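The values are calculated or read from the model by the stated rules, or taken from the named source; none is laboratory data. Only a predicted model underlies this, so the values are computations on that prediction, with no experimental measurement involved. Please note: Cβ atoms are built from the backbone with ideal geometry, for glycine as well, and neighbour counts cover all protein chains shown.
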Amino acid sequence: MIKNFEDITCELTPDEKRLVPVIIRGLNLKSKANPIKGADIVAAINGQKERYGIKQFSEPRLRKIVNFIRTEGILPVIGTSNGYYVSYDPDELNGQIESLTQRADAIMSSANGLKKFII
């Protein structure tokens, strides 16, 4: 869990773990030519809440599931401003790795800047 974001970064619930294969199947149908926005995935799942046995699904929890899929090496999910899709192309994967690394570096820079106020 991430401090101050515990409610959206907590570990996957059993209900969310049951959604992992559903999301994998859906993402496997998506390529760079036809990505899907997170909001569309969330709307599709929330439109069938009873089927999936969930109360409410959100984009932060979708991101948590995508993180799980990537972290476990289940599927090479690419995320861009155009949406999510799957790619096995080394250039696209390297681009996604670079993007994630740059975002992590930007967060560390922010944290280091805040440290100046307490040191």
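Name the residue that is modelled with the lowest pLDDT, counting only residues in the stretch 51-75 that are touching a Lys or Arg at 6+ places or on another chain (Cβ under 8 Å) and not hydroxyl-bearing (Ser, Thr, Tyr). Give the steps one after another, and end with the answer.
Residues of the stretch 51-75 that are touching a Lys or Arg at 6+ places or on another chain (Cβ under 8 Å), as a first pass: 52-53, 55-57.
Applying the additional criterion that residues be not hydroxyl-bearing (Ser, Thr, Tyr) yields 53, 55-57.
Values: GLY53: 86, LYS55: 89, GLN56: 91, PHE57: 93.
Only one residue fits best here, namely GLY53.
Here is a list: GLY73, GLY26, GLY38. Which entry is of a type outside the set (A, V, I, L, M, F, W, C) and either touching a Phe, Trp or Tyr at 6+ places or on another chain (Cβ under 7 Å) or assigned by TED's automatic domain parsing to the domain that holds ILE97 (or both)?
GLY38
If you check ALA111 against the conditions, is it more than 13 Å from the chain's Cα centre (by Cα), exposed (fewer than 10 other Cβ atoms within 10 Å of the Cβ) and part of a helix (DSSP H, G or I)? I'd like the intermediate steps shown before the answer.
Numbers: more than 13 Å from the chain's Cα centre (by Cα): yes; exposed (fewer than 10 other Cβ atoms within 10 Å of the Cβ): yes; part of a helix (DSSP H, G or I): yes.
It is true that ALA111 is more than 13 Å from the chain's Cα centre (by Cα), exposed (fewer than 10 other Cβ atoms within 10 Å of the Cβ) and part of a helix (DSSP H, G or I).
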**OP:** Test THR80 against the criterion of being polar (S, T, N, Q) and under 13 Å from LYS30 (Cβ atoms), and give yes or no.
**Re:** yes
Original post:
Out of the residues in the stretch 33-50 that are at pLDDT below 95 and of a type in the set (D, E, K, R), which is surrounded by the most Cβ atoms within 10 Å (Cβ to Cβ)?
Top reply: LYS49
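Going through LEU75, LEU62, LEU100 one at a time, which residue ends up being in contact (Cβ under 8 Å) with a residue 24 or more places away in the chain, closer than 19 Å to ILE23 by Cβ, outside any strand (DSSP E or B) and out of contact with any Leu (no Cβ under 8 Å at 6 or more places or on another chain)? Break it down stepwise before answering.
Details: LEU75 fails: out of contact with any Leu (no Cβ under 8 Å at 6 or more places or on another chain); LEU100 fails: in contact (Cβ under 8 Å) with a residue 24 or more places away in the chain.
LEU62 is the lone residue from the list that is in contact (Cβ under 8 Å) with a residue 24 or more places away in the chain, closer than 19 Å to ILE23 by Cβ, outside any strand (DSSP E or B) and out of contact with any Leu (no Cβ under 8 Å at 6 or more places or on another chain).
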